[in-house]
Amino acid sequence: MSLLLMSILSSLLYLSVSSFEYEIGANEGWVVPPANDTRIYNDWASENRFQVDDTIRFKYRKDSVMEVSVEDYKKCNSSHPNFFSNTGNTVYHLNHSGYFYFMSGVSGHCERGQRMIIKVISSDQETNSGGEKSSASPSSPVLSSGVFKALLSQLAMSYVASYVFN
């Protein structure tokens, strides 16, 4: 029985966090940036290392978010989005590596800087580059509840194991 418990506990030690949720705009949310800071979203995105299966959360009021083609992004054209949401709390799943182009669907907002390019790397690219995800505040990723529960379970089991086996 103790051998089985040790096997389970040791396998949990290698549990890795496989995805993160990033929140766009921190406290301000997804808003039109100040006139003197129109690159704020792209600067933020370039400071983070997004991987396949990460998610990004857009919080906003009286606005929308769209994922568009590179051509539509360059022209701030909102007529043919690949994805559209105006719920005020949108979670977008980054389901493949490559570039994702986001913009506001409200007229004039994209032209005023409410747009962003996110580069998503595959886990192979992450391994080859030797880099780690950024943890710079305020763009720190938020652990999803499932990952948090798994980490909490791992800590609890480690505590029990140390108590039982010592």
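Any read-out appearing in this document is the output of simple, stated calculations on the displayed coordinates, not a laboratory observation. None of the values given here were measured: they were computed from a predicted structure. Positions of Cβ are backbone-derived with ideal geometry, glycine not excepted, and every protein chain shown enters the neighbour counts.
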Item to check | Backbone N under 17 Å from the SER69 label point (7 Å along Cα→Cβ), restricted to the stretch 81-103 | outcome: 81-84, 99-103
Checklist entry - Which residues in the stretch 101-122 place their backbone N less than 14 Å from a point set 7 Å from the Cα of ALA35 along the Cα-to-Cβ direction? => result 112-113
Item to check | Cα Rg, Dmax (largest Cα-Cα span) when computed across the stretch 41-129, Å | outcome: 13.1, 42
Checklist outcome for this item: In terms of the alpha carbon gyration tensor, root eigenvalues a ≥ b ≥ c, rounded if a/c is under 1.5 and otherwise prolate when a/b exceeds b/c or oblate, the stretch 35-87 is rounded
